[in-house]
1. Restricting attention to region A:19-41, does a residue exist that is closer than 30 Å to A:S165 by Cβ, at pLDDT 80 or above, out of contact with any Gly (no Cβ under 7 Å at 6 or more places or on another chain) and surrounded by fewer than 17 Cβ atoms within 10 Å (Cβ to Cβ)?
2. Output yes when any residue across region B:121-130 is in contact (Cβ under 8 Å) with a residue 24 or more places away in the chain, assigned to a helix (DSSP H, G or I), of a type in the set (D, E, K, R) and buried (at least 17 other Cβ atoms within 10 Å of the Cβ), and no when none is.
3. Which numbered condition in (1) buried (at least 22 other Cβ atoms within 10 Å of the Cβ); (2) at the interface with chain C (Cβ under 7 Å from one of its Cβ atoms); (3) not charged (D, E, K, R) is the only one that B:F213 fails?
4. Are any of the residues in region C:225-240 over 25 Å from C:L192 (Cα atoms), surrounded by 21 or more Cβ atoms within 10 Å (Cβ to Cβ) and within 14 Å of another protein chain (Cβ to nearest Cβ)?
5. A:L21 versus (1) touching a residue at least 24 places away in the same chain (Cβ under 8 Å); (2) under 24 Å from C:S284 (Cα atoms); (3) under 24 Å from the mean Cα position of the chain (by Cα): which is the lone unmet condition?
6. Filter region A:240-275 down to residues that are out of contact with any helix residue (DSSP H, G or I) (no Cβ under 6 Å at 6 or more places or on another chain), touching a residue at least 40 places away in the same chain (Cβ under 8 Å) and either within 14 Å of chain B (Cβ to nearest Cβ) or farther than 30 Å from A:F230 by Cβ (or both), then give me how many there are.
7. Would you call B:L201 within 11 Å of another protein chain (Cβ to nearest Cβ) and either at positive phi or in contact with a Cys (Cβ under 8 Å, 6 or more places away or on another chain) (or both)?
8. Which residue out of A:I170, A:I187 is in contact (Cβ under 8 Å) with a residue 60 or more places away in the chain, closer than 27 Å to A:S53 by Cα and crowded, with 23+ Cβ neighbours inside 10 Å?
Amino acid sequence: MTAVADQKRKEAYFTASQSQLIWARFRKNRSAMIAGALLFVMVLLGLFAPFLSPYDPTIAGADKDYRNGAPQIPMFCDHNGCSWTPFLHGVKMELDMSTLRRNPVVDIETRRYVTLLPEGWEYRVGGLRVDLPGESFDFGWRGIAFTTHLFGIEEGGIHIFGTDSTGKDIFSRTLHAIYTSLAVGTIGVFIAFVLALIIGGISGYYGGWIDGFVQMITDAVRTIPVIPLFMALAAFIPDEWSSETRFFFISIILGLIGWPTLARRVRTHLLTERTQDYVLAAQLCGASSGHVIRRHLLPSFTSYIIVDLVISFPYMVLSETALSFIGLGLKDPVNSLGVMLQNVTKADVLLNYQWYFIPVIFFILLVLSFVFVGDGLRDAADPYSDRKS
Amino acid sequence: MTEPLVKVDSVSTHYPLGRSVFGKPTVLKAVDQVSLRIARGSFFGLVGESGSGKTTLGRAILRAAPITGGSVRYDDGEVNYDIGTLDKTALRDYRKRAQLIFQDPYAALSPRMTVRDIIAEPLEVMGLTSGREETDQRVREIAAKCRLNLEHLRRFPHAFSGGQRQRISIARALVCSPKFVVADEAVAALDVSIQADILNLLKSLQRDLDLTFLFISHDLSVVAHVCDHVAVMYHGRIMEQAPTRQLFENPQHDYTKSLLSAIPSLDPDEPLRAQVYTPSA
Amino acid sequence: MTGSLISVRDLTVCFHTDEGLVTSVDGISFDIAPGEVLGLVGESGSGKSVTAKSLMQLNADNAVYGEGSSISFTPGNETIDVLALRRPQDMKVIRGGAISMIFQEPMASFAPAITIGDQMVEQLLLHTDMTKRQARKLSIEMLDRVGIKDPDKRVDQYAFELSGGMRQRAMIAMALSTKPKLLIADEPTTALDVTIQAQVIELMKDLVAEFGMGILFITHDLGVIAQTADRVSVMYLGRILESGPVRDVIRHPAHAYTQGLINALPKLDDLDAPLTPIPGDIPSPLERPNGCVFHPRNPKLKPGSRYETEVPPMTEVAPGHFAALFPEDVPARP
């Protein structure tokens, strides 16, 4: 390396801001980078779920001619030769005489070609609907309707992850489930975060007896046993609530339970940051509390807070999944990862329909990538982790 | 000798340590009935071991620690303040005139601000300049005086070594043109080869900018070299104060003698004969 | 040299870090004889603590020892190749057994929830075949020996109940109770007030006379070295730049760095002497200069001197006194 380039590189390091340094350190962490890319893909999959799914993931989009069907992988070649367009063979439901079940049977002589950007089921973008208990509170906007999807097939159905017992497309369900789980997590984290910022902020900034009192309440909330609470709540949720209402309710509960850990971290950051010499230096210039908070406390915070949020996210997703799995959260017509997981508990599935497990892989990848990204960010954000004395 | 700049009259800083169920609440007497006269333009040394209350006294003079008894008066010819009873406006004005340099050059600089922003902060907070241009102008002036490279102003503190950071810290303290500066162990965290450089810088700044220093240190030999007047503190009280030469050549108090005798000499043939000081009840 | 206790040859220690391989100690050699105190002086980043930890293989896992590095330790008749030790049971012989270490921060080396006595006893049981009763008796004797009053009471106290000076004494007592052949003292007085530092220095001098072990005394304070050491090695950025008998090195420093250190030190016997700082800053270990590591800060060198490209050899400037200089630069003695 030439001296000039070397000097430039050094100057770039010297003038790099805190966030640039964090990013530079994060980039060096290979597992976190891979997890980050994976997470990005997952979020995109969730966000564009309706466009990417060839079928409506509810019962309306079920394929009655292909129930409990195996994954169909489009192919380019078969015994009749090759084609440039991927295709599937035809399928018929036939009665299996030995088990007396109607099972799909593949007809390898017919071909159905995959099509790009076909018109299909209608989905809406930007729609907003608030469905509170009680008709008068409901309001909403239907959003813009689209019917175009990424891929489809000429006739019959294409189910690359197979179908379930009612013929719903597992691929479409998985994508929508990722969206739902991420949404529950986001709402839960957001509520927990706002509460944590206010409660932890008050506690850390004022200190003294206020701090003691708030910490007492925080501890009290932390001691609430979660499972019995959820069971009670499950009993409380009226059956007539729509799946959306149920979904928001679950997110809010998760948020209300999740804040104490975050609040405690916010408080700790504030307490350590507040006693730093540079804060005293600002105060000795006559800086007001507002200036100290704006100029010193908040900036020192943001990196930590982002890290905390990313780290607490998988716990939200996990909680939602766990709740739905034990039947206390979302229920089957809704697509969430927990619901998908609940479907694999039957021995029948284990023996005959192993493709039900595909959503489980997505679930594990999602949680793992969150954990890795969170860890990577935490290592990168600690400005003193690599300072040698 | 001219009028003293800072007059400390039997100042105490007592911290409550909680109370027992019966009887009086216990207090920590961090500073106990201390009186000092810091002359204008002097380099006043305050020496003491850990826990002697020297830092608390320094901060009490700046009103960064409570004054629970006695009075601190500040008189620079323009203003005359009783520090313990300043109102908000007067305190803001006092902050311009009296500043602090910290011990730890790592903790004293916000890692999230550029050097320029760190040095400019006092000007911006106090509203001393009319605009960004004037602020930049004053930042550049003081940075040059503290021998900081002007290109370095764009950098963040992580780019600097301990000695350079201490120079940034000094520039921040001096940018609002104070008259009085408390330097609290300003060289204690630095290596020997860097320490001399910072001491010389402080000395030359004192001459050029007509400053008065309260130099707090645990290191007698450093104090002996830079200060013209020294006070020795022990357990919250002043044991002895005198002009530097007099104090080092002819120490009066037993505690001062024991401190002096405990300094290891550079000459291996002059063995350490530390006298142990036992305070009489 | 007859029968050195520990002999370090060409010790090089590097660390794998995010920024690449960082050289912390670069080819240093020294010997310590039984009953001798070697002072190792250096500023931050000089690698003096890494050197000390190498003697017990206590460096972090990302440390790499250089090819030709060797540390031979001869506590008795047998010589141990310290860097070749791999198994924990072999390490036990040196760590806390034949080699003991005392640290700058005594609080950090006592477990907070175990009494001082229990900790001393545990260590003795681990390294000797004493019974518990004997170990406790010896612990009390050692506490008494380092000047702790009421040792039979103190032995059952926790570290936080003692004052700073007491804690340092207790740590020395613990380090010496296994009768080590070599004591490594890593900045043992830096965190102490001068009056207590003076007491600890006196104590260590007495103990050397009594126990006759070798001591590696690490500090940044030349005054402390002058009072305690027999020989001194001056380290800077991982290299030894000067070493020799303490009197000779301090009175006639040959290397510009040693001279600079002494001139930068405020001295009490001459209050008017100006303080002369060494120009520049200590470079980061990532940017070690070529040639002589000190050349960018050496005011005496003219641009283009051989020190910028060549590493100067250790040249003998007086009997037993070596400096990293080319032979033609050895200063003449008055």
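The values are calculated or read from the model by the stated rules, or taken from the named source; none is laboratory data. Treat the numbers as computed from the prediction; the structure is a model and nothing was measured. Ideal geometry is used to build each Cβ from the backbone, glycine not excepted, and the neighbour counts take in all protein chains shown.
1. Within region A:19-41, one or more residues are closer than 30 Å to A:S165 by Cβ, at pLDDT 80 or above, out of contact with any Gly (no Cβ under 7 Å at 6 or more places or on another chain) and surrounded by fewer than 17 Cβ atoms within 10 Å (Cβ to Cβ).
2. yes
3. Exception for B:F213: condition (2).
4. Yes: one or more hits.
5. Here A:L21 clears every test but (3).
6. Total meeting the criteria: 1.
7. Here the answer is yes, as B:L201 does meet what is asked.
8. Within the list A:I170, A:I187, the selection yields A:I170.
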